[in-house]
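The values are calculated or read from the model by the stated rules, or taken from the named source; none is laboratory data. Please read all numbers here as calculations on a predicted model, not as lab measurements. Cβ placement follows ideal geometry from the backbone for every residue including glycine, while neighbour counts extend to all protein chains displayed.
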Amino acid sequence: MLNREEIMGWLRENDPERVAELYKQADDIRRENVGNAVYLRGLIEFSNMCSRNCGYCGIRIGNSSVKRYRMSPDEIMQCAKKAVSLGYGTVVLQAGEDRSLPVEWIVDVITQIKSLGVAVTLSLGERPMAEIKKFKQAGADRYLLRFETSDRDLFEKIHPSLPGERSDRIQILRELKEVGYETGSGILVGIPGQSYESVVDDILLFGDLGLHMLGVGPYIAHPQSPIDVEPLPEGQQVPTGVEMACKVVALARMACPKANIPSTTAIATLDGIAGRTQGLNCGANILMPNLTPQKYRELYEIYPSKAVLSEEGAAQSLADWFKTIGRYQGEGRGDSPAMCH
Ligand code: SAH
């Protein structure tokens, strides 16, 4: 694993040839540890209801212009069946932090999807650990919870705690691992106020936590959710954008060689298929096609103009694309081969 100075050196590297060398090293580590398969996860954004007011997110509770929805269990099952018919081994259930969603409702949805024989990943934000354990007992396999930034002051500004609670995602991640979840986290790159030092800390923390999945994306401002933090002076502020996000993907691969790492939708939003390809070429081995029905998809606007990896009729074009980059679609669940240390 790289040390603090080496990570900082790569984050600040601007010479295109050197950056290409970083990507190549990460790509080699990816091939040796998780091979050439690209696993597809079917993403279902089943509710945009949210109790939180995160400064970065378009569906925060304070954005009153959002029309709220929650899909019915039947609608969710239709999407999950589509994932199965497309050969995906995993369904990802993502939502706003919908605290009014009853635990039994979620347990029932998990149980139904598990009967299809796929892995279930949850991305529901922070919920009481007693509930998270019930989801595990119902068969949920994985949990995604980005800590967004390890800079505590910045985190509190962009992700205010709920009254009477202290939001501590890093502690929750430790507990998720103890409960037996395949555990994923990650960060936003280019948040106003985010320093290079803090991103070095984030990457070291990926390794310390021994995460099984890591998602990294550029921060994309939402017009109705402006982050109320001044950017740091030039040279200290981490820029958003594809290159900085890809550097962090590469360094995440080095920190957790056996982790499953997506080429994220946020990267594709900034640079289309070229961005997706770049992600896959600098350490990523996962894609998350969106299976949310169109009428709901446009209401799940965590940031504007979210890219869509079209799943319909696209199986052949996906296969062709993978071939051009020396990859192929993984079969089965695509569990993370191991803890990262
Ligand atoms: N409610 C869940 C799911 C949130 S959406 C949770 O809180 O975990 C998943 C991820 O999208 C977030 O963790 C965040 O890193 C990312 N995201 C949110 N707003 C974004 C924005 N404006 N630009 C880029 N990524 C964003």
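Brief remarks on what is shown
- Filtering PRO128, PRO102 for residues that are surrounded by fewer than 17 Cβ atoms within 10 Å (Cβ to Cβ) and closer than 23 Å to LEU214 by Cα leaves a single hit, PRO128.
- Each residue in region 48-93 was checked for being of a type outside the set (D, E, K, R), within 11 Å of the ligand (Cβ to nearest atom) and either surrounded by fewer than 21 Cβ atoms within 10 Å (Cβ to Cβ) or farther than 15 Å from VAL120 by Cβ (or both), and 10 pass.
- All of ILE227, ILE267, ILE220 fail the test of being within 11 Å of the ligand (Cβ to nearest atom) and touching a Cys at 6+ places or on another chain (Cβ under 8 Å), apart from ILE267.
So that you can scan it fast, the table gives a plain yes or no per residue for (1) farther than 18 Å from ARG60 by Cα; (2) of a type in the set (D, E, K, R); (3) surrounded by fewer than 23 Cβ atoms within 10 Å (Cβ to Cβ):
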{"site": "ASP201", "(1), (2), (3)": "yes, yes, yes"}
{"site": "LEU204", "(1), (2), (3)": "yes, no, yes"}
{"site": "ASP208", "(1), (2), (3)": "yes, yes, yes"}
{"site": "LEU214", "(1), (2), (3)": "yes, no, no"}
{"site": "PRO218", "(1), (2), (3)": "yes, no, no"}
{"site": "ALA221", "(1), (2), (3)": "no, no, yes"}
{"site": "ILE227", "(1), (2), (3)": "no, no, yes"}
{"site": "GLU234", "(1), (2), (3)": "yes, yes, yes"}
{"site": "VAL238", "(1), (2), (3)": "yes, no, no"}
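- Exclusive hit being crowded, with 24+ Cβ neighbours inside 10 Å, within 20 Å of LEU205 (Cα to Cα), at pLDDT 95 or above and within 12 Å of the ligand (Cβ to nearest atom), set ALA252, ALA245: ALA245
- Verdict on ASP202 being within 16 Å of the ligand (Cβ to nearest atom), farther than 29 Å from GLY334 by Cβ and not aromatic (Phe, Trp, Tyr): no
- The single residue among VAL120, VAL103, VAL92 that is in contact (Cβ under 8 Å) with a residue 24 or more places away in the chain, out of contact with any Phe, Trp or Tyr (no Cβ under 9 Å at 6 or more places or on another chain) and not acidic (Asp, Glu) turns out to be VAL92.
- Lone qualifier among GLU13, GLU32, GLU17, GLU6 - being touching a helix residue (DSSP H, G or I) at 6+ places or on another chain (Cβ under 7 Å) and either away from the ligand (no atom under 16 Å from the Cβ) or part of a loop (DSSP other than H, G, I, E, B) (or both): GLU13
- Test: residue in region 98-114 that is at pLDDT 95 or above, assigned to a helix (DSSP H, G or I) and within 29 Å of ILE191 (Cβ to Cβ): no
- Residue in region 150-166 that is β-branched (Val, Ile, Thr) and in contact with a helix residue (DSSP H, G or I) (Cβ under 7 Å, 6 or more places away or on another chain) present: no
- Within region 273-293, tally of residues that are farther than 18 Å from LYS24 by Cβ and more than 16 Å from the ligand (Cβ to nearest atom): 2
- Residue within region 157-174 that is closer than 25 Å to PRO262 by Cα, away from the ligand (no atom under 12 Å from the Cβ) and in contact with a Leu (Cβ under 8 Å, 6 or more places away or on another chain) present: yes
- The set of residues in region 99-128 that are within 12 Å of the ligand (Cβ to nearest atom) and in contact with a Ser or Thr (Cβ under 7 Å, 6 or more places away or on another chain) comprises ARG99, LEU101, THR121, GLU126.
- Qualifying residue in region 185-195 (condition: modelled with pLDDT of 95 or more, buried (at least 24 other Cβ atoms within 10 Å of the Cβ) and assigned to a helix (DSSP H, G or I)): no
- Boolean, VAL179 is touching a residue at least 40 places away in the same chain (Cβ under 8 Å), β-branched (Val, Ile, Thr) and either surrounded by 20 or more Cβ atoms within 10 Å (Cβ to Cβ) or more than 15 Å from the ligand (Cβ to nearest atom) (or both): yes
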